[in-house]
Each structure stands twice: as structure tokens, then as C-alpha cells.
Amino acid sequence: MENAPKKSFKNYIPRIILLLIVIGAAIYAYQKYQYNQHFETTDNAQIETYTVPVVPRVGGYVNTVNMKDFEEVKKGQLLVDIDDREQQLALVEMEAMYQQMLTDVENARASIKNTNLTIGAAEANLKSTVLRQDKARKDAERDAKLLADNAITKRQADDSKANLDIISAQLDGQKQDISASKSRLDILVANLHKAEAALAVQKAKIEQQKLKLTYSKVYATENGKIGRKSVEPGQFIQPGQTLATIVQDSLYWVVANFKETQISRMAVGQEVKITLDAFPEMELKGKIADFSDATGAKYALLPPDNASGNFVKVTQKIPVKIAIEGVEKLRDKLRAGMSVEAEVKIK
């Protein structure tokens, strides 16, 4: 029987390559497994910061614009000057009306004072009339007795009685005049209160108009840089219209969206390695600052409703806030919206 031909080394090369691939895959899988036991990663992350819109509180034509795209601004810096000539004229009109209403108040007070004097004089005359009535009554009673004794004529007794009736009628008339004056006084006091209230309202309108005039100048409310302006001199703007956005460059952080299956082993205070896509050679350090109380889908304009239609389970993402260490030294590198990769050390 002839000996079988010996297999050359070349015949084993495919098997060796396959074995090496299997061993390499096993090593990679083991390393990946060990890595996943100690780290959670995501590339769904970006740099965030505060942005403040530049919004006018009054409308009008723009006189000047004192800002440029991407320019640094300071808090309190004048950014936009709005034409306020119409507002100034409205203020002049309001102040003139205020003076007229102030005159009305003074006239009402003078009328009350005159009515009080009139009532005082009428009450003094009333006292005099009461004394005259008392004297006339006594005279009439005396003359009536004298007439009974035939000491005077009937005409004299009738004159005394008529004088008493005249004075009594005058007394009643004076009492009614005083009562009417007091009623008129109540009306005048009510009118005074009404005029004073209207004066207070007008004063408040003037103060409000003065406040509106300050709104014609739009100032920066925070330090930062202008993201992009959308206003030019001569343009007509509306209240609440966004003229620009101030991007604060004093504070940055990372918002990383981890899968809901990843956060079970994550906690506040854990260390995070941050890698910027723009500067891959830079590795920043950070720590988990907080977790969102809702998934990212809940912040969407139209959040999903699993109760309607056919339900398909989708792994949700949880936004995680990561504080960057030494952020004050990185202001010239960091920009809001930059993509980063976050690696959380869980063990």
C-alpha cells in the first residue's frame, strides 16, 4: 500500500487564519464585555449653555443697532434704539390731561369749601330765626290773653299770630335749605372722590408711559456673544419679536442621551470622560450632575402616545446633565451644540 501524500503547510493556512480570526473575535468580545462592565458610553451628546433672546417690549421703527453677529457684549450694553417720538408726544398729552384733571379736583374741593361756608351761615341764621320764633310765640300768647281781657283789639292779636306763622314758615324754609345744602355737599364729596380717583389713574398712566419710553432702548441682559442678529436700522419691529440671541460663554455643560437600559448603573457624581468631535485629541473630565425627570421623547412637539395605534416598543433615551471640570479654561474651544462622546465610569 502506497503511503498517503503528506499535506503541505499551505493546506493549513486557511485553518490557521480562521483560528486566528476566532481567537481575535473572542478576545475582542471579552474585552468589550469587560469594558461594558465598567463603562457606559454614548455619542448622542452635545455641549449646552444658556441662550438669552434679545426681545423688545414695544414696537416701532429702529433708529440704531449697536451689535454685530458673533460680537461679545456686556450686561447693560445698549443693543437696539427704537424711535420713541410718538411715545414722547403721548406722554406730553397725558401730562396736559393730568393738569386739567388736577384743576377739576381743586375746583371740587373749592365747591365743598363754599358749600360748608353756606351751610354754616344758614345754620347761624336758623338760630336767629329760632329766637325770633320764640319771641313771636310769647307775644302771640300774651296778646291772646290780653284780647280775652279786652285789653287790646282783635287786630293786634291777629297781627301777633300772623307774625308767629310767618317766622315759623321762614324757619321751616331755612331747615329745608340746610338739608338741601347738606345733600348737595354729599354729592360734591362723591364727585371729589371720583375726580381724585381719575387723577390717580391718569398719574398711573403717565408712570406707565414713562416706563414704556425706557423700553425703546433694548439692553443686553447677560454677558455673552451675539449668536445671530435679525434686525437692521429702519426696520419696523413688533413687541416680542426676537432680534438676536445672546449665547452665554461663562458656563457650559454636556447633555448626553443614554438609553434607559444604561442608566440603572449610573448615579450622580460618577466620573465621565468627554471627547469632542472637533478636537478628538482633547479629553475632558466631568461628573454626572443630574438626570432628567422625563425621556427625550416627552419634550418633543408631538410626544408619542402608546395608547393609540399599534404599539411598538422603542428603547427611550434619558437626558443626563454632565458638569465639565475646568470649563473656565475652555471657553475658546467650547461652543454650544458641539457633538461629543461621553464615557461614564460605573465601577
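The values are calculated or read from the model by the stated rules, or taken from the named source; none is laboratory data. It should be emphasised that the depicted structure is a prediction, and the values quoted were computed from it without experimental measurement. Heads up, the Cβs are rebuilt from the backbone with ideal geometry, glycines too, and the neighbour counts pull from every protein chain shown.
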Only one of (1) at pLDDT 90 or above; (2) closer than 22 Å to VAL52 by Cβ; (3) not charged (D, E, K, R) is not met by LEU199, so which one is it?
(2)
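From THR261, THR295, THR315, which residue is hydroxyl-bearing (Ser, Thr, Tyr), surrounded by 14 or more Cβ atoms within 10 Å (Cβ to Cβ) and farther than 19 Å from ARG57 by Cβ?
Details: THR261 fails: surrounded by 14 or more Cβ atoms within 10 Å (Cβ to Cβ); THR315 fails: surrounded by 14 or more Cβ atoms within 10 Å (Cβ to Cβ).
After ruling out the rest, the residue left standing is THR295.
For ILE322, state whether it is within 35 Å of the chain's Cα centre (by Cα) and either on the phi > 0 side of the Ramachandran plot or in contact (Cβ under 8 Å) with a residue 12 or more places away in the chain (or both). Working first, answer last.
Values: within 35 Å of the chain's Cα centre (by Cα): yes; either on the phi > 0 side of the Ramachandran plot or in contact (Cβ under 8 Å) with a residue 12 or more places away in the chain (or both): yes.
It is true that ILE322 is within 35 Å of the chain's Cα centre (by Cα) and either on the phi > 0 side of the Ramachandran plot or in contact (Cβ under 8 Å) with a residue 12 or more places away in the chain (or both).
Of all residues being small (Gly, Ala, Ser) and under 19 Å from ALA180 (Cα atoms) in segment 113-159, which is surrounded by the most Cβ atoms within 10 Å (Cβ to Cβ)? Just the residue, please. First the steps, then the outcome.
Within segment 113-159, the subset small (Gly, Ala, Ser) is 120-122, 124, 128, 136, 140, 144, 148, 151, 157.
With the extra rule that they be under 19 Å from ALA180 (Cα atoms), the set shrinks to 120-122, 124.
Numbers: GLY120: 12, ALA121: 12, ALA122: 17, ALA124: 10.
Residue satisfying both the conditions and the ranking: ALA122.
Kindly provide the set of residues from segment 140-156 that are part of a helix (DSSP H, G or I), of a type outside the set (Lys, Arg) and more than 23 Å from VAL130 (Cβ to Cβ), ordered by number. Break it down stepwise before answering.
First pass over segment 140-156, keeping only residues part of a helix (DSSP H, G or I): 140-148, 154-156.
Of the ones still in play, those that are also of a type outside the set (Lys, Arg) are 140-141, 143-144, 146-148, 156.
Residues satisfying the conditions are LEU146, LEU147, ALA148, GLN156.
Can you pull out the residues in segment 42-91 that are assigned to a loop (DSSP other than H, G, I, E, B) and in contact with a Pro (Cβ under 7 Å, 6 or more places away or on another chain)?
Within segment 42-91, PRO56, ARG57, VAL58, GLY59 meet the criteria.
What number of residues in segment 93-141 are in contact (Cβ under 8 Å) with a residue 40 or more places away in the chain and within 30 Å of ASP158 (Cβ to Cβ)?
Looking only at segment 93-141, we keep the residues that are in contact (Cβ under 8 Å) with a residue 40 or more places away in the chain, and these are 94-95, 97-98, 101-102, 104-105, 108-109, 111-112, 115-116, 118-119, 122-123, 125-126, 129-130.
If we keep only those that are within 30 Å of ASP158 (Cβ to Cβ) too, we end up with 125-126, 129-130.
Result for segment 93-141: 4.
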Answer with yes or no whether ASP83 is farther than 30 Å from MET338 by Cβ and touching a Gly at 6+ places or on another chain (Cβ under 7 Å).
yes
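Residue check: is LYS259 touching a strand residue (DSSP E or B) at 6+ places or on another chain (Cβ under 9 Å), under 18 Å from MET338 (Cα atoms) and either among the basic types (Lys, Arg) or at pLDDT 90 or above (or both)? Give the derivation first.
Numbers: touching a strand residue (DSSP E or B) at 6+ places or on another chain (Cβ under 9 Å): yes; under 18 Å from MET338 (Cα atoms): no; either among the basic types (Lys, Arg) or at pLDDT 90 or above (or both): yes.
No, not satisfied.
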State which residue pairs qualify: first residue at positive phi and inside segment 50-76, second residue in a loop (DSSP other than H, G, I, E, B) in any location, beta carbons under 6 Å apart, and separation of 6 or more residues or different chains.
GLY60/ASP83
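I'm trying to understand the selection: among the residues of segment 234-254, which are within 29 Å of SER339 (Cβ to Cβ) and in contact with a strand residue (DSSP E or B) (Cβ under 6 Å, 6 or more places away or on another chain)? Break it down into steps so the answer makes sense when it comes.
First, pick out the residues of segment 234-254 that are within 29 Å of SER339 (Cβ to Cβ): 242-254.
Those that are within 29 Å of SER339 (Cβ to Cβ) and in contact with a strand residue (DSSP E or B) (Cβ under 6 Å, 6 or more places away or on another chain): THR242, LEU243, ALA244, THR245, ILE246, VAL247, GLN248, ASP249, TYR252, TRP253, VAL254.
Please determine, by comparing only the residues of segment 170-185 that are over 10 Å from THR129 (Cβ atoms) and without any contact (Cβ under 8 Å) to a residue 12 or more places away in the chain, which one is farthest from the chain's Cα centre (by Cα).
Filtering segment 170-185 for residues over 10 Å from THR129 (Cβ atoms) gives 176-185.
When the remaining residues are screened for being without any contact (Cβ under 8 Å) to a residue 12 or more places away in the chain, the result is 176, 179-180, 183.
Details: GLN176: 58, SER179: 53, ALA180: 52, SER183: 47 Å.
By that ranking, first place goes to GLN176.
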Residues being small (Gly, Ala, Ser) and surrounded by 13 or more Cβ atoms within 10 Å (Cβ to Cβ): count how many of those fall in segment 320-347.
4
Leading residue by the ranking (farthest from ASN223 (Cα to Cα)) among those in segment 70-128 that are touching a Ser or Thr at 6+ places or on another chain (Cβ under 6 Å) and modelled with pLDDT of 90 or more:
ASP84
Which condition number does LYS194 fail, the rest of (1) exposed (fewer than 12 other Cβ atoms within 10 Å of the Cβ); (2) more than 27 Å from GLY337 (Cα to Cα); (3) without any contact (Cβ under 8 Å) to a residue 24 or more places away in the chain being met?
(1)
